[in-house]
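Each remark here refers to the structure printed beneath this line.
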Amino acid sequence: MRLENKASARNGVDPVEEGVAYVYDALLGVDEPRLPVMPQSARRIQAALLRGGALDTRKVSGLLSADPGLSARLLRLANSPLFSDMGTARTPRQAIALVGEVLIQRMLCYAATDSLYHASSPTTAPWFNCVLEHSQWVARTAYALATLAGWERTRCVEAFVAGSLHDIGALVALQILEQRPDLASDKKIVAEIVMQTHCKAGALLAEAWHLPEPYREVIEHHEQPIRLAADASEALSLLEVVQCADLFHGRCPAVHSHAALKRTRCKTRLGLPPDWELEKDPAFQGAFAQAHALL
Ligand SMILES: [Fe+2]
Ligand SMILES: [Fe+2]
């Protein structure tokens, strides 16, 4: 939907078009794409994890120990109720042994994005907070929906991480727009520019950061219409779970618009009755609360 904002048009140029062009130029212009850099410690750990062959646990745990923020997050995951049946971890090395290499890598993707939520001006700070709040809600909802669907633990955590990452491109677009305070001060203009650019911006970031393929698909395609499986028994995909979680949220105006019809479609795809309300489903609420441990 194109927002009319003739009052803000300067020299006949639509400010939304101007902003979208500005963001794309920063991302796809002749210069190097203006993308945030993955934090160094996360990059090193990721390289060790993606190296192939047997995991060098000693090296990875050493790198984790050097980053108190990352190791604290990992220990919180390992000692959360999700893994209460597995024992207790007091060190990164014990945490790796407890939750496994796959989940370490998944949580690393999530933790590495912490640095993207910092606004450089008071004007844009509310937008970053809005995306953070929305992403955390979608992450927990995706986890809960995956739990209701009967997915096993690792895939539920994967749904959480995919939910947390799905709008990561909005942060990239917002960071670029911070260079244009004339555009960034108008809420409607910012919302429309971010809406039009965040999937592409996220896809470029995901590629540059070597995020796993399932997350790349979610980041790039989550705004596409919800597909109804031809066969209702067709397995739910990670993309569909995140799309449904995204649509159930009250929405961050920077990133989305409401759509009750789409929510009905989601319920059909999830095998839920049309009058299902997540607030009134104890199983959903239990899983949603459990996912708090992952934040
Ligand atoms: Fe989005
Ligand atoms: Fe979203």
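The values are calculated or read from the model by the stated rules, or taken from the named source; none is laboratory data. The shown structure was predicted, so the numbers you read here are calculated from the model rather than taken from an experiment. Here the Cβ is made from the backbone with ideal geometry for all residues, glycine too, and neighbour counts use every protein chain on show.
For this structure, a couple of remarks:
- No other residue among A119, A142 is modelled with pLDDT of 85 or more, more than 18 Å from V194 (Cα to Cα) and in contact with a Phe, Trp or Tyr (Cβ under 7 Å, 6 or more places away or on another chain) apart from A142.
- Pair list, Cβ under 6 Å, 6 or more apart: region 187-203 residue touching a residue at least 12 places away in the same chain (Cβ under 8 Å) and within 14 Å of L28 (Cβ to Cβ), other residue acidic (D, E) and within 11 Å of ligand 1 (Cβ to nearest atom): C199/E220; C199/E223; A203/E220
- So S115, is it surrounded by fewer than 16 Cβ atoms within 10 Å (Cβ to Cβ), away from ligand 1 (no atom under 16 Å from the Cβ), in contact (Cβ under 8 Å) with a residue 24 or more places away in the chain and under 19 Å from the mean Cα position of the chain (by Cα): yes
- Listed by first and then second residue, the pairs with beta-carbon distance under 7 Å, at least 6 apart or on different chains, first residue in region 270-290 and in a helix (DSSP H, G or I), second exposed (fewer than 13 other Cβ atoms within 10 Å of the Cβ), are Q290/P81.
- Residue within region 51-69 that is at pLDDT below 85, among the aliphatic types (A, V, I, L, M) and buried (at least 20 other Cβ atoms within 10 Å of the Cβ) present: no
- Positions within region 118-176 being buried (at least 21 other Cβ atoms within 10 Å of the Cβ), not charged (D, E, K, R) and not in a helix (DSSP H, G or I), in sequence order: H166
- So R106, is it touching a His at 6+ places or on another chain (Cβ under 8 Å) and closer than 18 Å to L238 by Cβ: no
- P181 farther than 22 Å from R140 by Cβ, modelled with pLDDT under 90 and within 16 Å of ligand 2 (Cβ to nearest atom): no
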